[in-house]
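All remarks here apply to the structure that follows.
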Amino acid sequence: MPELPEVEHFRHFLQPLIGAGPIILECPPPLPTNMIHKKRFPSVRTVNAINRHQYEVVDVLRKGKVICLVLSRQEMTNIDVDDEEDRNGADVNDVDNDTQLTRKVTTIFLSLHMGMTGRISSSTIMPQLESLSGIDTYPPPHTHLLIRAGNGAEAAFSDPRRFGSVLVDLPPPPPLDGGEKIDYYNIIPTFQDIAPDALYLFQSSSSKIIEKIKVQLMQRKKGIKGLLLDQRAVISGIGNWVADELLYRCHIHPDQTYLNENEVKKVMIELHCILTTAIRCLTEGVEFPNDWLFHRRWRNGGGKKNASSSIKDVNGGTIVFIQSGGRSTALVPSIQMFVNRTSSSMTTTCQSKKKKVVKEQPIVENATTSSKKYVNRKEKTKTSSDDGAKLHPKCLPTRKSKRLRTT
């Protein structure tokens with residue numbers, strides 16, 4: 001699934017369309033009718049209206065995993081035949097017969113969401129994804145939208161599994177005073193429900209936003225990976241592999257709750273490093289750093305039920321896979337240990353400036369042991385008989401077994 005580094009890379013492919021003249025949208029057959037009926041793809045009538053009114057790309061923006069092309073044109077005065085023209089070319093199966101794209105509309109937003117297998121490509125650049133490796137033809141298979149500009153620049157949106165979306169939105173009414181330059185980033189409808197962007201966060205001059213996010217990461221009962229994957233919670237743009245890479249470098253268990261101040265600082269530093277490095281590598285066409293967990297996630301069936309237990313990180317640590325945040329998660333138990341914490345202990349620690357030692361007992365993960373220990377949900381975590389450390393149930397083998405009866 002494309003994540004922030006890949007989507008930012010895709011945004012660069014669309015930048016040659018800026019100021020390249022009126023665009024033409026083309027939908028190669030077969031049309032994604034299931035996406036059209038679910039309002040996740042523009043109707044034939046909407047596409048025809050955009051082509052007829054000669055919109056130009058004036059900007060290409062991104063927030064999280066969503067790209068938005070800002071389309072604009074000069075306002076036209078002869079609108080008396082507009083309604084009649086909009087009826088031409090309408091399809092009987094068109095579910096968007098009430099489109100508001102008339103000649104009075106001078107600015108629209110064309111938003112692209114990649115979903116699981118979506119990507120942007122051009123005639124000169126064909127990005128490779130894990131799910132689409134080895135395909136280098138243009139336009140690639142399963143292309144649903146071609147964007148062609150007047151000067152010959154073009155780009156293609158393809159999505160084999162059709163979990164992505166292409167949305168056309170109108171801007172809100174302009175302010176009464178007018179005259180000021182419009183900040184499109186803050187009025188794009190598809191951006192409104194998304195949390196602050198993980199990359200642009202570090203480019204913001206407002207330290208209050210960063211401090212607010214740090215507090216939000218510290219005061220959450222939800223596991224840190226699930227929190228990072230939620231695009232509306234704290235920050236946006238982080239997906240499965242970025243989250244695993246981040247927590248691996250920070251030595252934090254994916255299910256860890258109530259992060260302390262030092263852990264949050266580490267997360268912010270490493271997040272910026274991972275994103276900027278990944279984007280640079282994609283731009284230069286080179287591999288990610290060799291010590292990244294990324295290279296070992298899919299080796300020997302990694303993440304699957306029959307995955308080999310011999311997968312090692314660059315330091316020789318065993319990589320295991322668990323379910324965290326609803327996704328298959330890679331971690332190294334020897335350095336990513338779960339720590340029992342409560343909201344009361346974290347609140348006391350945050351409010352007090354004294355150097356008070358918080359009793360935190362790490363849960364050692366022993367993925368190689370053949371013995372299994374099961375935990376009654378109503379009881380506290382049992383203690384391992386060999387080393388005296390608590391064993392977290394998420395790190396145990398996932399095969400089903402009968403629960404031990406208590407007498």
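The values are calculated or read from the model by the stated rules, or taken from the named source; none is laboratory data. Note that the structure is a prediction, hence the values are computed from the model and not measured. Every residue, glycine among them, receives a Cβ derived from its backbone with ideal geometry; neighbour counts consider all protein chains shown.
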Check your understanding: Is there a residue in the range 18-36 that is over 22 Å from R162 (Cα atoms), of a type outside the set (K, R), touching a residue at least 12 places away in the same chain (Cβ under 8 Å) and assigned to a helix (DSSP H, G or I)?
Key -> no
Study note, to complete from the structure: In the range 27-41, anything modelled with pLDDT of 90 or more, surrounded by 15 or more Cβ atoms within 10 Å (Cβ to Cβ) and not basic (K, R) is listed as C27, F41
Practice item. Go through the range 143-247 and tell me which strands (runs of 3 or more DSSP E), entirely inside it, have 3 or more residues that are in the same structural domain as D59 (by TED's automatic domain parsing) and aliphatic (A, V, I, L, M). Key: 143-148, 165-169
Exercise for review: Specify which of the listed residues (L259, L282) is surrounded by 23 or more Cβ atoms within 10 Å (Cβ to Cβ) and of a type outside the set (S, T, Y).
Suggested key: L259
Point to revise | Cβ pairs under 7 Å, 6+ apart, first in the range 152-163 and more than 14 Å from P28 (Cβ to Cβ), second buried (at least 20 other Cβ atoms within 10 Å of the Cβ) and not small (G, A, S) | key: A153/L17
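Just to verify a result, which residue in the range 184-199, among those that are touching a residue at least 40 places away in the same chain (Cβ under 8 Å) and closer than 15 Å to V234 by Cβ, is surrounded by the most Cβ atoms within 10 Å (Cβ to Cβ)?
Residues of the range 184-199 touching a residue at least 40 places away in the same chain (Cβ under 8 Å): 184-185, 188-191, 194-199.
Now drop any that are not closer than 15 Å to V234 by Cβ, which leaves 194-199.
Values: I194: 17, A195: 19, P196: 18, D197: 23, A198: 26, L199: 22.
Going through the qualifying residues, I end up with A198.
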Exercise for review: Tally the residues that are buried (at least 17 other Cβ atoms within 10 Å of the Cβ), in a loop (DSSP other than H, G, I, E, B) and out of contact with any strand residue (DSSP E or B) (no Cβ under 9 Å at 6 or more places or on another chain), restricting the search to the range 318-340.
Suggested key: 2
Check your understanding: Based on what the data block shows, is P127 of a type outside the set (S, T, N, Q), modelled with pLDDT under 90 and in contact with a Leu (Cβ under 8 Å, 6 or more places away or on another chain)?
Key -> yes
